[in-house]
Amino acid sequence: MKANSTKEKIIVLTGTSSGLGKYIYSRHPEGYVIKTESSERDIQNIQDHKIDVLIHCAFDASIFVSNYEKYLQTNVLYTSKLIDQLQPKKVIYISSVNVYLENDTNYKLSKLLSENIIKDKVDNHLILRCSAITGPTMREESVGSIVPIFKDKNPNVRLSNKSLFNYILQEDICDFIDMSVIEKITGTFNFVSSTCIELEEICRRYDKKATFGEFVYTTPIVDNKKIKKIFPQADRTSEEVLDINYMRINNVIEVQKPGREKVILY
């Protein structure tokens with residue numbers, strides 16, 4: 001968090017081993033951090049402190065579940081336990097637009113259960129229903145990850161070329177969380193870009209000759225009007241988000257030519 005927002009606050013952050021949680025911690029390493037792999041010990045170590053904010057990113061996003069008891073413990077009961085034992089003044093929960101999927105999945109139901117637990121236990125909460133999250137610490141193996149596409153000239157993509165995604169930036173989520181702590185923003189927000197894009201179009205955009213799989217993933221189409229009213233960065237397009245990531249991964253330079261629009265040099 002920015003110094004002026006956390007100078008006298010104790011913030012607990014979960015899920016720091018990868019993904020968004022790791023990115024948030026890299027920007028804001030001060031304060032207490034707990035990790036799901038040692039949840040009981042970590043909770044005990046900090047539960048005597050007065051926790052101002054709990055940022056809950058930790059989640060087991062496995063598609064195939066072999067141990068449902070462990071999956072439930074990690075993704076739902078752990079959320080409840082964190083709140084009960086830490087008694088945070090505010091909870092910020094990283095949820096997913098997959099809660100809008102028509103078909104029920106383990107991931108969707110677990111996210112909805114955790115959301116309801118938070119709403120029931122903590123009035124001062126912020127729930128962010130995020131689309132595909134990209135950035136420096138994004139998981140390469142996650143569904144919709146663009147890292148393999150950007151790094152390989154002929155990527156092997158396990159999803160169908162018609163799979164549809166919506167991409168957002170880790171840094172934008174982090175900035176909004178910063179703002180929500182300072183300005184005391186609460187509620188449930190769809191954190192999505194203003195456009196979606198198919199995997200086939202992504203590969204065409206960056207001149208990639210990909211091999212695709214058969215499974216089609218289609219991101220739920222939701223609007224971001226609510227968050228755009230208070231956070232203009234949420235009005236990015238998926239194409240803009242992808243261009244930013246592509247330039248960073250491949251050390252590409254963006255230049256402004258006189259009398260012309262910006263040109264991205266690949």
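Beta-bridge orientation, the range 3-265: approximately 20 percent antiparallel, per DSSP, counting only bridges with both partners inside. Residues of the range 13-27 with backbone nitrogen within less than 19 Å of a virtual label 7 Å along the Cα-to-Cβ line of N67, please, listed as ranges. The answer is 15, 17. Highest average first, the peptides 112-118, 164-170 ordered by how many other beta carbon atoms sit within 10 Å of their residues are 164-170, 112-118. Residues of the range 131-147 falling in the label zone of S17, defined by backbone nitrogen less than 19 Å from a point 7 Å along Cα to beta-carbon, are 137-143. Remark: the chain carries a charge dipole of roughly 420 debye about the Cα centre, counting +1 on each Lys and Arg Cβ and -1 on each Asp and Glu Cβ.
Calculated mean residue ellipticity at 222 nm for the chain: -10000 deg cm²/dmol, from DSSP H runs with n ≥ 4 weighted as -39500 (n - 2.57), summed, divided by the residue count and rounded to 500. The modelled label-to-label distance for the pair T188/R139, using points 7 Å beyond Cα in the direction of Cβ, is 2.3 nm.
Counting only the backbone N, which residues of the range 157-191 are under 19 Å from the spot 7 Å out from the Cα of D52 toward its beta-carbon? Under 19 Å, as judged by backbone N against the label point of D52, lie 174-187 of the range 157-191.
The stretch between E214 and K119 holds 30.4 nm of extra length on full extension. This uses 0.36 nm per residue minus the Cα-Cα distance. Applying a threshold of 21 Å to the alpha-carbon distances of K111/K229; K121/K184; K81/K121; K70/K108 flags K111/K229 as lying beyond it.
Quick note: the coordinates plus some simple rules give every number you see, no bench work behind them. Quick caveat: nothing in here was measured; it's all calculated off a predicted structure. Here Cβ is always computed from backbone atoms with ideal geometry, including for glycine, and neighbour counts include all displayed protein chains.
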